[in-house]
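Student: Sharing a structure, written as structure tokens. Questions coming.
The values are calculated or read from the model by the stated rules, or taken from the named source; none is laboratory data. Here the structure is a predicted model, which is why all the values come from computation and not from measurement. Backbone-built Cβ (ideal geometry, glycine too); neighbour counts: all protein chains shown. Note: areas computed on protein heavy atoms with side chains; ligands, DNA, RNA excluded. Shrake-Rupley method; radii C 1.70, N 1.55, O 1.52, S 1.80 Å.
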Amino acid sequence: MARPRMRLSAATLSSPDVPRLAAFYEALLGWDRADDEPGWVRLRPPAGGPGLSFHDDGSFRPPVWPSQDGEQRMTAHLDIATDDLGAAVDRAVELGASIHEHQPQAHVRVMVDPDGHPFCLFQGPARGEHDGADWNGVVRS
């Protein structure tokens, strides 16, 4: 059987308040809204590539991290590279995130978004090994 062509479209986060959470990541990442419907928002990076989506889940419970038996577990988290870790942490807090009390790595800041999803900010290069665009959305070969 031939493998059908596929591509990752987006990672999707559950939220009890989709407009608020989408606005947080829109401001944090500087991404554009590709879709905006009741209970659903999709963000895309300006240079293209996989995005970030948000769907309504009135039963959402924030995960406990590090994991604890009997508590809601985190199944995935976002890793976000930055050229200035201190400024990125300050910006995330200004937008409504908080700094998690558990910080296992000196070069990474574990943050919690307004709904309670953990995400990591880390000092990283302008482009990852598989990225097609730099910080400014400029595609370089």
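Student: Residues with amide H under 5 Å of Asp35's amide H, sequence separation 5 or more or different chain, H placed in the peptide plane at 1.01 Å from N; which?
Tutor: Answer set, sorted by chain and number: Arg42.
Student: To continue, here is another question. Between Gln72 and Trp40, what is the spin-label point distance in nm, taking each point 7 Å from the Cα along the Cα→C-beta axis?
Tutor: Taking the simple label geometry, Gln72 and Trp40 are separated by 2.2 nm.
Student: Would you work out the relative contact order for the chain, in percent, from Cα pairs under 8 angstrom that are 6 or more residues apart? Numbers along the way, then the final one.
Tutor: Details: 236 pairs, mean separation 28.4, N = 141.
It rounds to 20 percent for the chain.
Student: OK, next. Roughly what would the spin-label model give for Ser9 and Gln105, points 7 Å off Cα along C-beta, in nm?
Tutor: 3.0 nm
Student: Provide the per residue accessible area, probe 1.4 Å, for the chain, rounded to a whole number of square angstrom.
Tutor: Solvent-accessible surface per residue comes out at 63 Å².
Student: Now for a different question. For the chain, which whole percent of the accessible surface, found with a 1.4 angstrom probe, sits on carbon and sulfur atoms?
Tutor: 50 percent
Student: Putting +1 on Lys and Arg Cβ atoms and -1 on Asp and Glu Cβ atoms, find which of Gly49, Val110, Thr82 reaches farthest to the positive end of the dipole of the chain.
Tutor: Farthest towards the positive end: Gly49.
Student: So, one more: Could you check the spin-label model distance between Asp84 and Cys120? Points 7 Å from the Cα along Cα→Cβ, value in nm.
Tutor: Here the answer is 2.4 nm between the modelled labels.
Student: Among residues other than Pro16 whose Cβ falls under 15 Å from its Cβ, what is the net charge (Lys/Arg +1, Asp/Glu -1)?
Tutor: Cβ neighbours under 15 Å give a net charge of -3.
Student: Give me the dipole magnitude in Debye, nearest 20, for region 13-128 about the Cα centre, with unit charges on the beta carbon: positive for Lys and Arg, negative for Asp and Glu. Walk me through the numbers before you get to the answer.
Tutor: Working: 9 positive and 18 negative charges, 54 e Å.
Here the size comes out at about 260 debye.
Student: How large is the direction-averaged shadow of the alpha-carbon convex hull of the chain, in nm²?
Tutor: Here the figure is 11.1 nm², rounded to one decimal.
Student: Let me ask something else. Residues in region 1-18 near a label at Ser59, defined as backbone nitrogen under 15 Å from the 7 Å Cα→Cβ point?
Tutor: Counting backbone N atoms under 15 Å from the label point, the list is 14-16.
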